[in-house]
Amino acid sequence: MKSLQEYIIDDKFENYLFDNLKTFLIYNDLYSGIIEESLELFANYQTILDIILNDIKKLHKNFEEKQIKISINSSQDYPKNVYINLFHRKEGISGAFNKALKNGDVYIDLNLGENFRIKWNRIKIMILHELMHGYHEFVRISNNQPSIFDEYTKEYKIATKNLHKQSNYLIRYFAFLKYFFNKEEIESYLATLELLFIQIIDKIKPSFEDLKFDNIKKLIKEEDVWRTYFSFGKFVLNIDNIDDKELEQSYAEICETIEDKDKRIKDRIEYLKKLSKGEITIEPSKDKISPKSAEEIRKECKDAWKDFEREFNSVFLEVFNENIRLSNINKFV
């Protein structure tokens with residue numbers, strides 16, 4: 001089996017992605033068919049994040065694991081009170097959305113590694129991501145619609161368990177596909193992308209005269225989530241070179257249907273019964289069954305990346321227009 005490095009062509013991918021972005025930005029007025037994505041961020045999100053972060057900054061390195069309540073004291077509908085369950089972790093920063101209520105209260109988990117006190121920007125982005133899940137849930141339940149949890153598929157749940165396992169790289173990519181390209185996840189991550197871009201723009205101060213794409217590229221790639229998205233893009237560029245059987249077997253680890261699993265088990269039981277009776281029979285495969293062919297898997301991956309790239313470009317354009325154009329206009333006012 002080929003190694004991951006054989007499938008990744010960094011220069012080819014990066015030049016393609018960022019040249020495309022550069023053209024998209026400079027000549028966007030010529031693209032009459034482009035529809036900008038609405039991020040649907042809740043009102044005053046930057047101010048609310050600052051309120052929450054100020055409370056988190058009060059934590060000592062060896063803080064007590066507990067639930068804290070942060071009252072926003074705002075007239076807006078969401079969020080009203082933010083309840084954060086704080087947990088110690090040896091390293092890293094992660095979060096989870098628990099629930100949102102019709103009154104605007106939201107409950108999230110926050111897992112903080114030992115060096116969390118030097119990673120405030122990452123914590124801020126993580127909190128926004130989980131609050132966006134809460135916002136989507138709040139909008140749904142306020143309109144008597146099903147919970148976002150009702151839409152989490154078996155594939156999504158299996159993918160969640162496989163994201164960080166030491167399995168082969170194809171299984172990890174398919175786990176990433178089913179988790180990170182889930183509609184709720186990608187919308188929440190794209191919302192954090194705006195915050196990240198604002199941080200980047202504030203740091204490197206690009207302008208029409210100097211867009212500083214190399215700097216933007218470097219800073220984006222330093223962020224764990226986006227580095228993983230871009231890695232998936234490299235994988236997609238080379239997916240046609242991967243063996244059909246390898247694709248199908250790895251995809252099946254995440255996506256085998258309940259019906260196919262039941263059939264596989266039933267065939268195995270029937271085989272063992274015949275074998276115990278001394279009957280000559282062909283042993284069924286022990287491999288899980290892929291619900292899609294290799295070509296269908298390739299198409300799903302390519303389509304997912306294409307949709308993501310379009311949304312990513314749109315968010316970049318929106319933030320660029322709001323922050324770069326306005327700042328340049330203000331110079332002449």
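The values are calculated or read from the model by the stated rules, or taken from the named source; none is laboratory data. Worth saying up front: this structure is predicted, and the values here are computed from it rather than measured. Neighbour counts are summed over all protein chains in view; Cβ atoms, including those assigned to glycine, are modelled from backbone coordinates with ideal geometry. Side chains included, ligands, DNA and RNA excluded: accessible areas come from the protein's heavy atoms. Shrake-Rupley method; radii C 1.70, N 1.55, O 1.52, S 1.80 Å.
Mind listing just one residue for me: the one in the range 185-225 that is β-branched (Val, Ile, Thr) and over 12 Å from the mean Cα position of the chain (by Cα) and, of those, nearest to LEU163 (Cα to Cα)?
Step one: filter the range 185-225 for residues β-branched (Val, Ile, Thr), giving 186, 192, 198, 200-201, 204, 216, 220, 225.
Applying the additional criterion that residues be over 12 Å from the mean Cα position of the chain (by Cα) yields 198, 200-201, 204, 216, 220.
Details: ILE198: 28, ILE200: 28, ILE201: 31, ILE204: 33, ILE216: 27, ILE220: 21 Å.
Restricting to residues being β-branched (Val, Ile, Thr) and over 12 Å from the mean Cα position of the chain (by Cα), the top hit is ILE220.
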Q) Can you tell me which residues in the range 93-107 are in contact with a Lys or Arg (Cβ under 6 Å, 6 or more places away or on another chain) and farther than 14 Å from LYS80 by Cβ? A) ILE93
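In the range 97-118, how many are of a type in the set (Gly, Ala, Ser) and either open to solvent by 70 Å² or more (accessible area, probe 1.4 Å) or on the phi > 0 side of the Ramachandran plot (or both)?
First pass over the range 97-118, keeping only residues of a type in the set (Gly, Ala, Ser): 100, 104, 113.
Subsequent filtering for residues that are either open to solvent by 70 Å² or more (accessible area, probe 1.4 Å) or on the phi > 0 side of the Ramachandran plot (or both) retains 104.
Within the range 97-118, residues that are of a type in the set (Gly, Ala, Ser) and either open to solvent by 70 Å² or more (accessible area, probe 1.4 Å) or on the phi > 0 side of the Ramachandran plot (or both) number 1.
So that you can scan it fast, the table gives a plain yes or no per residue for (1) more than 27 Å from ILE200 (Cβ to Cβ); (2) of a type in the set (A, V, I, L, M); (3) in contact (Cβ under 8 Å) with a residue 24 or more places away in the chain:
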{"position": "LYS66", "(1), (2), (3)": "yes, no, no"}
{"position": "ILE72", "(1), (2), (3)": "no, yes, yes"}
{"position": "ASN103", "(1), (2), (3)": "yes, no, no"}
{"position": "GLY113", "(1), (2), (3)": "no, no, yes"}
{"position": "ASN121", "(1), (2), (3)": "no, no, yes"}
{"position": "LEU128", "(1), (2), (3)": "no, yes, yes"}
{"position": "MET132", "(1), (2), (3)": "no, yes, yes"}
{"position": "ILE148", "(1), (2), (3)": "yes, yes, yes"}
Q: Residues being among the aromatic types (Phe, Trp, Tyr) and either over 16 Å from LYS102 (Cα atoms) or open to solvent by 90 Å² or more (accessible area, probe 1.4 Å) (or both): count how many of those fall in the range 59-81.
A: 1
(Q) Among the listed residues LYS69, LYS119, LYS90, identify the single one that is over 24 Å from the mean Cα position of the chain (by Cα) and among the basic types (Lys, Arg). (A) LYS69
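Of everything in the range 290-302, what is open to solvent by 60 Å² or more (accessible area, probe 1.4 Å) and out of contact with any Cys (no Cβ under 9 Å at 6 or more places or on another chain)? Give them in sequence order. I'd like the intermediate steps shown before the answer.
Initial filter on the range 290-302 (open to solvent by 60 Å² or more (accessible area, probe 1.4 Å)): 292, 295-296, 299, 302.
GLU295, GLU296, LYS299, LYS302, listed by residue number.
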Q. Any idea how many residues of the range 226-259 are open to solvent by less than 40 Å² (accessible area, probe 1.4 Å) and part of a helix (DSSP H, G or I)?
A. 16
Q. Just checking, how many residues over the range 146-184 are in a helix (DSSP H, G or I), surrounded by fewer than 17 Cβ atoms within 10 Å (Cβ to Cβ) and charged (D, E, K, R)?
A. 6
